[in-house]
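A.B. asks: Can you read through this structure? Questions will come right after.
The values are calculated or read from the model by the stated rules, or taken from the named source; none is laboratory data. Note that the structure is predicted; figures quoted are calculated from it, not measured. Don't worry about glycine lacking a Cβ; one is built from the backbone with ideal geometry, like all the others, and counts go over all protein chains shown. To get the accessible areas, we keep the full protein, side chains included, count just its heavy atoms, and leave off ligands, DNA and RNA. Shrake-Rupley method; radii C 1.70, N 1.55, O 1.52, S 1.80 Å.
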Amino acid sequence: AVEPKATALLCQNIAADKPTLWDTENPTLYTMRVKVTSPAGDDELSTRFGFRDIVFDPDKGLILNGKPVKIKGVCCHGDYGLTGKAVPDNIQRYRLRLLREMGANGYRCAHYPQAVATMDALDEYGFLVMAETRWFESSKEGREQLATLMKRDRNHPCVVMWSLGNEEPFFAKPEGKRIFETLYTDAKRLDPVRPIMGAVS
């Protein structure tokens, strides 16, 4: 039991019997439902996820579920011309379907968190995603922006790497190294598995 207005952390291991693996051609997804009960009422959260094994090999490249995969990717902003920022979900899915038909299997979230509908569709269509934060700062706000992105999107099987910034002037300066080290430490605490990088042209 958790006292009113208190917090608690529950860790639990759940065995999965021979799950079907998520990949770019067969993006199998599962749903985890968590329910918290209290005298005031119940609260339930559903999260989709996928099982997959990814290794970045310096000689063989990306290995997905034991097989080498070449990323054929695009960089996409979360804007859609005349529709502006209030984009209907079907428009976001339409663009991703077109990209898939073109042969793309990779998607860089340039240069900030994408819409929830986009991330869900990237899972469903089998894209390999680099999710990128916008704020290359070790300030409180910059670190919170990164944490918000990673906590929201780390259960998406499509996300295979994180980017801590895009073409930042500080990248080549000593203060940039310190900023990157701070954000890198935060990122590894939130997700110790996926690779961390910065987007540099």
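A.B. asks: Taking the criterion of being open to solvent by less than 60 Å² (accessible area, probe 1.4 Å) and of a type in the set (Gly, Ala, Ser), would at least one residue in region 93-104 satisfy it?
C.D. replies: Yes, that holds for at least one residue.
A.B. asks: So Glu44 ticks every box in (1) exposed (fewer than 15 other Cβ atoms within 10 Å of the Cβ); (2) closer than 17 Å to His156 by Cβ; (3) in contact with a strand residue (DSSP E or B) (Cβ under 6 Å, 6 or more places away or on another chain) but one. Which box is left unticked?
C.D. replies: Of the numbered conditions (1) exposed (fewer than 15 other Cβ atoms within 10 Å of the Cβ); (2) closer than 17 Å to His156 by Cβ; (3) in contact with a strand residue (DSSP E or B) (Cβ under 6 Å, 6 or more places away or on another chain), the odd one out for Glu44 is (2).
A.B. asks: Among the listed residues Tyr112, Tyr125, Tyr107, Tyr184, which satisfies the condition of being open to solvent by less than 20 Å² (accessible area, probe 1.4 Å) and hydroxyl-bearing (Ser, Thr, Tyr)?
C.D. replies: Tyr107
A.B. asks: Same structure again: If a residue has to be in a loop (DSSP other than H, G, I, E, B) and surrounded by 10 or more Cβ atoms within 10 Å (Cβ to Cβ) to count, how many in region 13-24 make the cut?
C.D. replies: Count: 5.
A.B. asks: A further question follows. Among the residues of region 144-181, count how many are β-branched (Val, Ile, Thr) and surrounded by fewer than 19 Cβ atoms within 10 Å (Cβ to Cβ).
C.D. replies: First, the residues of region 144-181 that are β-branched (Val, Ile, Thr): 148, 159-160, 179.
Then drop every residue that is not surrounded by fewer than 19 Cβ atoms within 10 Å (Cβ to Cβ), which leaves 148.
Result for region 144-181: 1.
A.B. asks: If you don't mind, there's one more thing I want to ask. Which count do you get for residues in region 128-143 that are under 21 Å from Ala86 (Cα atoms) and open to solvent by less than 10 Å² (accessible area, probe 1.4 Å)?
C.D. replies: So the count comes out to 3.
A.B. asks: What residue, among those in region 192-201 that are part of a strand (DSSP E or B) and within 29 Å of Thr28 (Cβ to Cβ), is least open to solvent (accessible area, probe 1.4 Å)?
C.D. replies: Ile196
A.B. asks: Applying the selection to region 133-189, what residues are under 14 Å from Cys109 (Cα atoms) and of a type in the set (Phe, Trp, Tyr)?
C.D. replies: Trp135, Trp162
A.B. asks: Shifting gears a bit: With surrounded by 12 or more Cβ atoms within 10 Å (Cβ to Cβ) and in contact with a strand residue (DSSP E or B) (Cβ under 8 Å, 6 or more places away or on another chain) as the only criterion, which of Val36, Val74, Val87 stands out?
C.D. replies: Exactly one of Val36, Val74, Val87 is surrounded by 12 or more Cβ atoms within 10 Å (Cβ to Cβ) and in contact with a strand residue (DSSP E or B) (Cβ under 8 Å, 6 or more places away or on another chain), namely Val74.
A.B. asks: Take region 67-111 and flag every residue that is in a helix (DSSP H, G or I) and among the aromatic types (Phe, Trp, Tyr).
C.D. replies: Result: Tyr94, single match.
Residue-wise test of (1) at pLDDT below 95; (2) more than 10 Å from the chain's Cα centre (by Cα).
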position	(1), (2)
Gly106	no, yes
Ser138	no, yes
Met150	no, no
Phe171	yes, yes
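A.B. asks: Considering only region 157-190, state which residues are under 30 Å from Trp22 (Cα atoms) and part of a helix (DSSP H, G or I).
C.D. replies: Correct list: Leu183, Tyr184, Thr185, Asp186, Ala187, Lys188, Arg189, Leu190.
A.B. asks: Inspect region 2-12 for any residue being open to solvent by 80 Å² or more (accessible area, probe 1.4 Å) and in contact (Cβ under 8 Å) with a residue 24 or more places away in the chain and give the result as yes or no.
C.D. replies: no
A.B. asks: Evaluate region 82-104: report whether one residue or more is among the acidic types (Asp, Glu) and at pLDDT 95 or above.
C.D. replies: Yes, because at least one residue in region 82-104 is among the acidic types (Asp, Glu) and at pLDDT 95 or above.
A.B. asks: I'm told Arg189 meets every condition in (1) surrounded by 20 or more Cβ atoms within 10 Å (Cβ to Cβ); (2) within 30 Å of Pro27 (Cα to Cα) except one. Can you identify the failing condition by its number?
C.D. replies: Of everything listed in (1) surrounded by 20 or more Cβ atoms within 10 Å (Cβ to Cβ); (2) within 30 Å of Pro27 (Cα to Cα), Arg189 misses just condition (1).
A.B. asks: Within region 49-65, track down each residue that is out of contact with any Lys or Arg (no Cβ under 9 Å at 6 or more places or on another chain), over 18 Å from Ala121 (Cα atoms) and open to solvent by less than 60 Å² (accessible area, probe 1.4 Å).
C.D. replies: Of all residues in region 49-65, those out of contact with any Lys or Arg (no Cβ under 9 Å at 6 or more places or on another chain) come to 49-53, 55-60, 63.
After this cut, where a residue has to be over 18 Å from Ala121 (Cα atoms) as well, the list is 53, 55-60, 63.
The answer is Asp57, Ile63.
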